[in-house]
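**Q** Take this structure, written in structure tokens, and hold onto it; I'll ask about it next.
Just so you know, all these numbers are worked out from the coordinates, no wet-lab data involved. Every value quoted in this text rests on a predicted model; they were computed, and no experiment measured them. Ideal geometry is used to build each Cβ from the backbone, glycine not excepted, and the neighbour counts take in all protein chains shown.
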Amino acid sequence: MPLKNGAALVAEYPKMPVTVDCVIFGFDDNELKVLLIRSDLEKYQGMWSLLGDVVNDTEEIDAAAYRVLDQRTGMTDIYLDQVKAFSHPKRHPGGRVITVAYCSLLNIKHHSLQITENELHWHNVSSITEMAFDHKEILDTCHEWLQKMIQEHPLGFNLLPDKFSLRELQNLYEAILGIQLDRRNFRKKFATMDLLIDLDEMEQDVPHRPGKLYKFNFEKYNKSPRKWIGIDF
């Protein structure tokens, strides 16, 4: 039977909480890490969880994600991408809760945590086997999203020094993709795109044979993004 007016229609809508969960990846010492805290829910006592909270009735979902990041870490200069909604009816022990996952990738050396409550700190992604709620599924999904993004766009260069070696570049891709790459094939891919500037300089004070230093040509890429052919390994 159709409802008679708008007020009745609103009254019939079910009340369902919406939350946000932030997956903050960091690159440091050739390792991909993620920012986690201890769960404060009794059922998951002692387990690690993502940074999250309920979306307030008066705020947009994007705003809620940035609020969580600010309140939990004190960092305000991080860009978040919305990745996916998770809606399994039993994903939360308190009842039906839909969460929207957000993701970011940063260089840990460039962003210091201002808050460390609930044992907030960085963990190696490869070491995480179990988490509170369905947060391991969310983490894995965002990791797959990140692996796809770094192959389709040159976002990884923001994690490197202004001057970097091809060894450092390959270490970055291997850390995020979780695989070992063929050195010759990797370098051939980037040579084909012609987006690296040879600085005619060499690495200094390194424990291995010094390599050439390069810069990524952001200006050339911005003028012709089609030069990025994608890194399909």
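**Q** What's the exposure ranking of Glu203, Glu59, going from fewest to most Cβ atoms within 10 Å?
**A** Ranked by crowding around the Cβ, least crowded first: Glu59, Glu203.
**Q** Right, here's the next one. Would you calculate the volume per residue, in Å³, of the smallest convex hull containing every Cα atom of the stretch 154-227?
**A** Taking the convex hull of the Cα positions in the stretch 154-227, it is 104 Å³ per residue.
**Q** Related question: For Val20, Val34, what ranking results if the residue with the fewest other Cβ atoms within 10 Å of its Cβ goes first?
**A** Val34, Val20
**Q** Using the Cα centre of the chain as origin and beta-carbon charges of +1 (Lys, Arg) and -1 (Asp, Glu), tell me which of Thr99, Trp122, His111 is placed farthest towards the positive end of the dipole.
**A** After comparing all options, I get Thr99.
**Q** Turning to a different aspect of this structure: Classify the stretch 31-160 as rounded, prolate or oblate from the Cα gyration tensor: take a ≥ b ≥ c as the square roots of its eigenvalues, call it rounded if a/c is under 1.5, otherwise prolate when a/b beats b/c and oblate if not.
**A** rounded
**Q** Continuing with the same structure: Convex hull over the Cα atoms of the chain, averaged projected area in nm²?
**A** Taking a quarter of the hull surface, the average projection is 17.5 nm².
**Q** Taking the 0 to 90 degree range and rounding to the nearest ten, how far is the long axis of helix 183-193 tilted relative to the main principal axis of the chain, both from C-alpha atoms?
**A** 80
**Q** For the Cα atoms of the chain, what angle does the longest principal axis make with the long axis of helix 61-73, in degrees from 0 to 90, nearest 10?
**A** Result, in degrees: 70.
**Q** State to the nearest 20 debye the size of the charge dipole of the stretch 65-200 about its Cα centre, where the only charges are +1 on K and R beta carbons and -1 on D and E beta carbons.
**A** 300
**Q** Could you list Tyr221, Tyr214 in order of exposure, starting from the residue whose Cβ has the fewest other Cβ atoms within 10 Å?
**A** Lowest to highest Cβ neighbour count: Tyr221, Tyr214.
**Q** Against the longest alpha carbon principal axis of the chain, how many degrees, from 0 to 90 and to the nearest 10, is the axis of helix 166-177 turned?
**A** It is inclined by approximately 20 degrees.
**Q** Shape of the stretch 80-124 from its Cα gyration tensor (a ≥ b ≥ c, root eigenvalues): rounded if a/c is under 1.5, otherwise prolate when a/b > b/c, or oblate?
**A** Here the stretch 80-124 falls in the oblate category.
**Q** Using just the helices of the chain, give the 222 nm mean residue ellipticity in deg cm²/dmol: DSSP H runs with n ≥ 4 each add -39,500 (n - 2.57), and the total is spread over all residues, rounded to 500.
**A** Dividing the helical sum by the residues of the chain leaves -8500 deg cm²/dmol.
**Q** Could I ask something else about it? About the Cα centre of the chain, what is the dipole size in debye to 20, counting +1 per Lys and Arg Cβ and -1 per Asp and Glu Cβ, all else neutral?
**A** 740
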